[in-house]
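So the structure is just underneath, and the comments pick up after that.
The values are calculated or read from the model by the stated rules, or taken from the named source; none is laboratory data. Computed from a predicted structure; not experimentally measured. A quick note on method: Cβ atoms are made from the backbone with ideal geometry, for glycine too, and the neighbour counts reach across all protein chains shown.
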Amino acid sequence: MKVALFVPCYVDQFYPQVAIATLQLLAKLGVPATYPPAQTCCGQPLANSGCEHEALPIYQHFVATFKDYDYTVVPSGSCVYHVQKHFDKLDQTPDVQHVRATTIDLIDFITQVLGVQELPGTFPHKVGLHLSCHGQRGLHQANESELTPVRDGRLRRLLASLDGIELTELDRNDECCGFGGTFCVSEAAISGRMGHDRAHDHLRNGTEVLTGGDMSCLMHLQGIVRRQQLPMRVLHAAEILNSTLTTS
Amino acid sequence: MNPTRERILAAARASQPTETVLPTIPDFGGDASLTRFSEVLASIGGTVVRLPSRAALAGTVAELFPAARVVASPLLATAHPIDQQTPIDVLADVDLAVLPGAFGVAENGAVWLPEPSMLHRALPTVTQHLALVLDHRQLVATMHQAYARLPDGPGGYGLFIAGPSKTADIEQSLVIGAHGARSLVVLLY
Amino acid sequence: MSYLTHAGRAEAFVLDHERTSWHDETLWFVRQKRDRAVYAVPEFQELRELASQIKNHTLSRLDHYLAQFEAAALANGVQVHWAADAAEHNDLVLRIVRQHGATRVVKSKSMLTEECHLNPHLLAHGIEVIDTDLGERIIQLRDEPPSHLVLPAIHLKKEDVGETFHRHLGTAQGLTDPQQLAEAARQHLRPKFLAGEVALTGVNFAIAETGSVVVCTNEGNADLGVSLAPVHIASMGIEKLLPRLQDLGVFTRLLARSATGQPVTTYTAHYTKPAPGREMHVIIVDNGRTQQLGRPDFRASLKCIRCGACMNTCPVYRRSGGHSYDFTVPGPIGSILSPNIDLKKHSTLPFASTLCGSCTDVCPVKIDIHTQLYKWRQIVAEANHLPTAKKLGLKFMGRLLASPAAFKLSGQLARRGLRLLPHALSHHPGANAWAIARELPEPPKQSFRDWYAQQPSPTA
C-alpha cells in the first residue's frame, strides 16, 4: 500500500508536531507514509470565500501531487471533506476521481481502512473531544445530536479504548467552535464569542486536554485558551494516539 | 383572463425542474391507546375526565364548571342557543362551550372538530373555556390516520384542537390561555 | 465595521456579553425542545425524507398544482387573486378592504405580509391593522420588525415587554410577570377581534386537491379573527402548495416538532369554504419565487415550511440576533432566500456562517442549506460584491497556494515575522482581527516540510 501524507498548510507552518505525530503513528501501525514535498493546499480557504474558480489550479496541483498513491492520509477532516465534496468542479478524469475517493482523514484511515478500533496504551487524563463540523456532519465520523442523543463516533471509540482516559460530557455535544476559515476574521466578533463559549463548555465540564481531529478548530480554540490562560492543554488526536503507542 | 395569473403560471412552467415522483405515504402504525392520548393531552395543558356514562354529561359539566353562566352546547338541553347567525356580543359572552369531538389523535392530544359540531365558527375560540366530548373508542395514533378519516375532505371549516390556547412569546415562558380558550377539557365516554 | 454588513451588526450585538448569552441560551433551549420531540418519533427521519420528496414533486409540477388549487377554491366559493409582487399584493388587499368600506383589520402571523410591507401600506391609507399574534403585537407596538420566523419577539426580555405594555396598554410600571402581561394582551386584543371587519391570515399549507388553506397557531388568533370578521383574506406564496390532504399527515407531524418541540400546534385550522353570507379571498403571490424556482442550485430553498429550526440551531444566529440579517426572514434560510431578491444588499449573508451544516441536519424538508450558502458565495464573488480588500487578498492567495516554491517561502516569512515581531504589534487588534480574542500560535523554528527534508531516507 503506497500511502502519502497531506499536511494542511497551517499544520505545516505552525503545528509541525501534529504532522510528525501523524507520520510516526502511521509507521507504528505498519504504514510507512511518504510526504510529497510539492504539495501546497487543498484550496478550501479560497473556495469558501467564493473564489472557487481561482482555486481550480490549486485543485489540479493537489491531484497531480497525489494521483499515484493508494491513499492520501490527512490529519484534518476539513481538507478531506473539501477534496471529496468540492473537487467535483474539476473535470472528472480517472486521476481526479481516484484522488477524491482515496483522500482520507487520519482517523477514518485508521478505523475504516486499517480496521483498528482500539489502541493499547494509557492516557490517564480528562479529555474533551471537540467534534469538527466537517468531520462529524461532513464525513459522518460521529453521531449528530440533531439526529440522536447517542454519543458515538470513530475518534471517540479510539480514545475511549485508551486506559485511564475519561471523556468529557459537554453541555453542547457538537456546537461549532466558530473557526469557519476566513469567517474567523471576517466575522471576528461572532467567531471569538463562539470559541469562547466552546472553551468554557469544556472548562465547566472538567476538560484537561482538549483534542480533536482538525487542527483548524484546535488552533482557534487554543488561541482562546492561551489568551484567557485557561487550565487546559490542546493536542491534536494524532499527538495523543502517537504518544501512547510505543514502537512495536 | 388575468394577465398576472398567466404570467405567474408561465414563469412557473418555464422555471420548474423535471418532474419527480410523489411518494406514497406509509401508515406508520403507532399507539392509539387512551393512556397515550391522556398523557400527551396532560403534557400540553389539557385535562381528561372520564364520564361514567354519556348520560352523566350534564352533571359532570355542572360539577367541573360551577361558575359558568353562559354555556353553549348542542349536547345540553339547558344550553344557551347559538347558531351561525348569533350576534357577536352574545358569542363574546360565552363562558363555556361543550362540543362533540369527532375523534382524537394520541400522538399529540388533538381532537378533530368539524364545522357542524361548532354551532358557530367562532365558538371554539371565542369561548373562555372549552370542553370536547369524545367517544374513547374514536382514537387514532397519528395524523396520517387522522387525515385518512377525512376521505371527503375537511368540510367548509374544521379544526384540530390540541389543548388550551397558549403562548411562549414572552421570554419563552409558557402561558396557558392566549386568545382562544383558557382551558380545554376532554370529556370521554 | 460597517453597519451595512451582517458582521457589523453582529459585532454590535455581541458587545453585550450577558445579553448575548441570554439570547443564545434561550434559542438553544428551543433547539433542545426540538431534539426531545424528534428523538421521541422513531420514524422522524423517514418523515423528513417524505416531506422533502413531496415538496420536490410539488415544485416540479407547480403550474399544475396552482391551477388545481385555484379551480377547487373557486368551486368552493372562494375568490382567488394573483399578485406578481409585493406592490400588487398590497393593492389587492387594500382594494378588498375598501370594497367593504372597512377600516379595522386584524392580522394573524404572516411572514409574507411582512415581506410585502403590507402594514405601512394599509396605515398610509387610513386602515387600522392590528397584529394579533402576541409576539407580533409586541413588536408592532415597538415599531420593530420580527427577529425570528416563529418567535418574533425572542430578542426581547420580559422587562422590555413590560415597559412596552406600560406605555401602550397601561399596565403597571415594572410588571414583568409573563402570565399577567399575556392576560393584559388578551384583554386588550379581545375587543379588536370582536370589532374586526377584515381578517388577514397567512397560509402554512395550501391543499391543491381540496382548495383548502391550512393555518397553524398556538394562540387561536387566526381562528378568532377569521370567524368573527365578515371577510377573510389569506395571503400565500406560490410555494405553500401541497398536492393532497393526506400530505398534511406528514407536515403536521414535522412542523411544530421542528419549530418549538411541541407535537402539534394548538390549532390546525382548515379553511375551505367561507361561512354563508361571508367572503373568503386567497391571494397567490410570486414576489421573486418563480425566479428562485428557475435557479437549479437554489430552488430547493422554496421547500421551506417556515419552522425556524435552522435559526434555532445556528450558532451564528443565536449570537447575532435576527435583526443583524436585515431581511424579513433571518438566519440560515434567510441567507439563501435573500440573495435572490437583492444580491448586493444581502451579499454578506451567505458569509455569516461557518458552514457547520447543523441547519441542514434540522431542516424538516431537507433543504441543503449549508451547500446553498457555499454556492451563493461563488455568485457573490463572481458578481464582484466581495469587499475589495478580501478580493485582492484572495487573488494573491490563489497564486501563492498553487506554487510550491511561493508557498514554502511565504510560510517561512510568516513564521519568522511572527517570531521577530513584538507581541504588541503582531497581536494588535486593529491590524490583526485574529488577535482580538485569540493568541496567535507559537511559531515553530521549523516547518514540517523542513523537518521532513532533514530526516534520514524516508521509509519506503
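So which residues in region A:194-203 are without any contact (Cβ under 8 Å) to a residue 60 or more places away in the chain and either more than 8 Å from every other protein chain (Cβ to nearest Cβ) or of a type in the set (Phe, Trp, Tyr) (or both), if there are any at all? A:199, A:200, A:201, A:203, listed by residue number. Restricting region A:1-43 to residues that are free of Cβ contacts under 8 Å to residues at least 12 places away in the same chain and crowded, with 18+ Cβ neighbours inside 10 Å leaves a set whose member that is farthest from the other protein chains (Cβ to nearest Cβ) is A:20. State yes or no: is residue C:184 in contact with a helix residue (DSSP H, G or I) (Cβ under 6 Å, 6 or more places away or on another chain), surrounded by fewer than 21 Cβ atoms within 10 Å (Cβ to Cβ) and at pLDDT 95 or above? Considered against the rule, which asks whether it is in contact with a helix residue (DSSP H, G or I) (Cβ under 6 Å, 6 or more places away or on another chain), surrounded by fewer than 21 Cβ atoms within 10 Å (Cβ to Cβ) and at pLDDT 95 or above, residue C:184 comes out as yes.
Of all residues in region C:128-150 being free of Cβ contacts under 8 Å to residues at least 60 places away in the same chain and assigned to a strand (DSSP E or B), which is surrounded by the most Cβ atoms within 10 Å (Cβ to Cβ)? Ranking the qualifying residues of region C:128-150, first place goes to C:131. Starting from residues that are within 14 Å of chain C (Cβ to nearest Cβ) and touching a helix residue (DSSP H, G or I) at 6+ places or on another chain (Cβ under 7 Å), keep the ones in region A:213-222 and report whichever is surrounded by the most Cβ atoms within 10 Å (Cβ to Cβ). Result: A:214.
Residue count for region C:304-320, restricted to those that are among the charged types (D, E, K, R) and part of a helix (DSSP H, G or I): 2. Scan region C:217-231 for residues that are surrounded by 24 or more Cβ atoms within 10 Å (Cβ to Cβ) and touching a helix residue (DSSP H, G or I) at 6+ places or on another chain (Cβ under 7 Å) and the total you get is 6. Cβ-Cβ distances below 8 Å connect the following pairs, each with a first residue in region A:177-193 that is in contact (Cβ under 8 Å) with a residue 24 or more places away in the chain and at the interface with another protein chain (Cβ under 7 Å from one of its Cβ atoms), a second residue that is assigned to a loop (DSSP other than H, G, I, E, B) and surrounded by fewer than 24 Cβ atoms within 10 Å (Cβ to Cβ), and a separation of six or more residues or different chains: A:192/C:437. Of all the listed residues (C:153, C:73), the sole one being farther than 24 Å from residue C:307 by Cα and either under 22 Å from the mean Cα position of the chain (by Cα) or part of a helix (DSSP H, G or I) (or both) is C:73. Only one entry in C:347, C:324, C:338 is of a type in the set (Gly, Ala, Ser), outside the structural domain of residue C:48 (by TED's automatic domain parsing) and more than 23 Å from residue C:289 (Cβ to Cβ), namely C:324.
Selection of region A:219-248 for residues being of a type in the set (A, V, I, L, M, F, W, C) and in a strand (DSSP E or B) yields A:234, A:235. Taken over region B:72-91, the criterion of being crowded, with 18+ Cβ neighbours inside 10 Å and among the hydroxyl-bearing types (Ser, Thr, Tyr) is satisfied by B:73 alone. Scanning region C:39-68 for residues that are at the interface with chain B (Cβ under 7 Å from one of its Cβ atoms) and part of a loop (DSSP other than H, G, I, E, B), we see that the one that is nearest to residue C:258 (Cα to Cα) is C:43. So which residues in region B:151-173 are in contact (Cβ under 8 Å) with a residue 12 or more places away in the chain and either in a loop (DSSP other than H, G, I, E, B) or more than 7 Å from chain C (Cβ to nearest Cβ) (or both), if there are any at all? Once the filter is applied, which keeps residues that are in contact (Cβ under 8 Å) with a residue 12 or more places away in the chain and either in a loop (DSSP other than H, G, I, E, B) or more than 7 Å from chain C (Cβ to nearest Cβ) (or both), region B:151-173 yields B:154, B:155, B:156, B:162, B:163, B:164, B:165. Contact map, region C:112-127: first residue farther than 21 Å from residue C:287 by Cα, second residue buried (at least 20 other Cβ atoms within 10 Å of the Cβ), Cβ cut-off under 8 Å, separation 6 or more or different chains; pairs are C:123/C:129; C:127/C:97; C:127/C:105.
For region C:212-251, a residue qualifies if it is at the interface with another protein chain (Cβ under 7 Å from one of its Cβ atoms) and among the small types (Gly, Ala, Ser), and the qualifying residues are C:212, C:220, C:227, C:249. In the set (1) touching a residue at least 60 places away in the same chain (Cβ under 8 Å); (2) touching a strand residue (DSSP E or B) at 6+ places or on another chain (Cβ under 7 Å); (3) in a helix (DSSP H, G or I), residue B:146 fails one condition alone, (1). Residues in region A:44-59 that are of a type in the set (A, V, I, L, M) and more than 7 Å from chain C (Cβ to nearest Cβ): A:47, A:56.
Across region C:67-87, the qualifying residues are those that are among the aliphatic types (A, V, I, L, M), within 18 Å of residue C:233 (Cβ to Cβ) and in contact with a Leu (Cβ under 9 Å, 6 or more places away or on another chain), and the one among them that is surrounded by the most Cβ atoms within 10 Å (Cβ to Cβ) is C:83. Here residue A:174 meets the list (1) within 9 Å of another protein chain (Cβ to nearest Cβ); (2) within 24 Å of residue C:433 (Cβ to Cβ); (3) in contact with a strand residue (DSSP E or B) (Cβ under 8 Å, 6 or more places away or on another chain) almost entirely, failing just condition (2). Note on region A:134-171: residues that are more than 24 Å from residue C:254 (Cβ to Cβ) and either within 13 Å of another protein chain (Cβ to nearest Cβ) or in a loop (DSSP other than H, G, I, E, B) (or both) total 16.
Here's the yes/no breakdown for (1) outside the structural domain of residue C:92 (by TED's automatic domain parsing); (2) of a type in the set (Gly, Ala, Ser); (3) at negative phi; (4) crowded, with 21+ Cβ neighbours inside 10 Å:
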| site | (1), (2), (3), (4) |
| --- | --- |
| C:260 | no, no, yes, yes |
| C:265 | no, no, yes, yes |
| C:268 | no, no, yes, yes |
| C:272 | no, no, yes, yes |
| C:281 | no, no, yes, no |
| C:293 | yes, no, yes, yes |
| C:296 | yes, no, yes, no |
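Which members of region B:3-54 meet the condition of being at pLDDT below 95 and either in contact with a strand residue (DSSP E or B) (Cβ under 7 Å, 6 or more places away or on another chain) or assigned to a helix (DSSP H, G or I) (or both)? The one that is at pLDDT below 95 and either in contact with a strand residue (DSSP E or B) (Cβ under 7 Å, 6 or more places away or on another chain) or assigned to a helix (DSSP H, G or I) (or both): B:54. Here residue B:117 meets the list (1) more than 10 Å from chain C (Cβ to nearest Cβ); (2) on the phi > 0 side of the Ramachandran plot; (3) polar (S, T, N, Q) almost entirely, failing just condition (2). Across region B:60-94, the number of residues qualifying as within 14 Å of chain C (Cβ to nearest Cβ) and either in a loop (DSSP other than H, G, I, E, B) or farther than 22 Å from residue B:177 by Cβ (or both) comes to 9. Residue count for region A:104-133, restricted to those that are outside any loop (DSSP other than H, G, I, E, B) and more than 16 Å from residue A:173 (Cβ to Cβ): 12.
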